[in-house]
Amino acid sequence: MSTIEAAVMGSKKIEKILKDQFQAEGRGLHELLTSVESRIPADILKQARYIASVRNKVVHEDGDIDDISAFKNTVEEVTTGLEKVLFIEEREAAARRQRETVEIKTASPQPVAFETKLLLGIFGLIALVSLTVCMKLKQDLDKVKKSHSSIENLVSKLEKDIETKDKIINSLKTMHAKIVKEGNMQTAKIQRGSSNTKLIVSSPASQTSSKNSLLAKAMKSGSEFEQAKAEIKEGLLQTIKSNISLSTGDLEVSQEKGGTYSIRVPVSWNINPRAPLKLINEYFDSYKGRPIALSSGHMNRDKNRIVVSESYADSSSSPKPYSGRLFDIMQSVEIRLVASLGNKSSFITIAGNVDCHVSCSYSEKPSNSWLLLTQGGFRKSTIVISGLTKNDLEKYGEPVIKIIQV
C-alpha cells in the first residue's frame, strides 16, 4: 500500500465514524474533530489530529510516512477509542433512563424537593394511621353503645391505641431526623473504574486514613520523579559517552569568498544502543506498551534511531505515572558532536527534539518526539567550520571533536 493510500484511507475511516456516529459537521478531519472535540478524550483527539496532519502533508506537500505499519496502528487506536467513547455514552444514557427520582448530588446539594416529598409521605402516613385509629375508635364506641358493661376495658384499649399512635408518629419523626442528619454527615465519593461507576460512602475517619496513604504515595512518587529527572538530564549523556566509538575522515580545507577559510570535517560514530535503550525503556514505551526499539529513518532503512513519542508518554498506560512530565524534561536535552579549531566551532545534533509528523527533523521548539541517532557515516555527517584565518590554520593543529549537552 502506498503512502498516499494509507494516509487517505486512515483519515476517511475516522471521518466516517465521526459523521455517522458522532454526527460531526465540517469539511475534512480537522473540522469534524473540532465540532465534537468536547466529547473525545484528549489523548484520542491528539492522535486523530496527528492522522489529519499526516494526511494533509502527504496529499498536499508530497510528504511521506516513515512507518506505514505504525501509522495504521495509530488509526486503529483512534477508531477503537472513538467506539469506546460511543459505548460509554450509550451506557450512561441507559443509566439515566433507568433512574427514576433519586439523584446523587455532592457539589451543591439542594434537598428542598427531596425533603418536601419525604414530609408529604410522612404526613400521608400519619393521616393513614390516624384514619385507621379513628375507624377503630368508632367501632369501639359503637360497641360501647351496645354494651355498657365493657366500657372500662374499652377505655383501657383506647388509651393503648392512642399511645401506639403517638409512638408511631414519634418514630417517624426520629426516622426523618436521622435521614437528614446522615445525609449531612456522610461523604459521597464517586470513583470511576474501568467499566462501571461505583458509589462509595465513607466516614470522615476512613477518609483521613486514605488521605494519609495517598499523601505517602504522592511523596514517594515525587522522590522517584526527581531521581528519574536526574537520570534523563545527566545520566543519558554519560551513557552515550560510555558507549560511543568516534572517528573522523579526511579533512578538506577551502577558501571562502571573503578571504577566510573553511574546514570540512567528516565524522562517523556508532553508539551501542543497549545501554541507552535500557535507561529510556524504564520510563517510556511505544505503541500499546511495547518496549522502544531501534527503528529506521525516512530516507535510510538502516535501524539507527531511538525515538520517544510524546503521545505514548502522555498515555495512561505509560510505564510511570509521571512519564508525561518526564518527557517535558527530556525535551530540554540536546546532545551534539562539536568540532572546534581555536575559537571557531560548528556542530551536528545527534539527540534532541524532533518533529515527526511525516519525516523527523530536529526542532528548537518543543515538538512531538525525541530522537537519538545511534549511527552516522562520513558522507552524510560532515561538520563545516567557517570563518578561519591563515593564522588559525597555522597556529592550531587539527580540529578537536567533543560530545556535549546543551
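No value in this document is a laboratory result; all are computed from the given coordinates. Note that the coordinates shown come from a computational prediction; the quantities given were computed from them, not determined experimentally. So basically every Cβ, Gly included, is an ideal-geometry build from the backbone, and we count neighbours across all protein chains shown.
Side notes on the structure shown:
- Entries in LYS16/LYS72; LYS138/LYS167; LYS278/LYS320; LYS138/LYS160; LYS229/LYS402; LYS12/LYS288 that, when Cα-Cα distance is taken, lie over 18 Å: LYS138/LYS167; LYS229/LYS402; LYS12/LYS288
- Cut-off under 5 Å, modelled amide H: who pairs with VAL267 long-range: GLY249, SER381, THR382, ILE383
- The Cα trace of the stretch 3-98 gives Rg and Dmax of 14.2, 53 Å, the first to one decimal, the second as a whole number.
- Alpha-carbon centroids, the stretch 374-406 and the stretch 278-354: separation in whole Å: 25 Å
- All aspartates and glutamates inside 18 Å of LYS217 as judged from Cα atoms, apart from same-chain residues fewer than 8 positions distant: GLU226
- Distance between the pseudo-spin-label points of ARG96 and LYS303 (7 Å out from Cα toward the beta carbon): 5.0 nm.
- Rounded to the nearest 20, the size of the Cβ-charge dipole of the stretch 3-98 about its Cα centre is 420 debye, with Lys and Arg at +1 and Asp and Glu at -1.
- Straight-line cross-link reach from LYS241 at under 17 Å between alpha-carbon atoms covers these aspartates and glutamates, not counting any fewer than eight positions away in the same chain: GLU231, GLU334.
- For trypsin sites (Lys or Arg not before Pro), the sites in the stretch 250-315 that DSSP calls loop and that have at most 16 other Cβ atoms within 10 Å are LYS257, ARG301.
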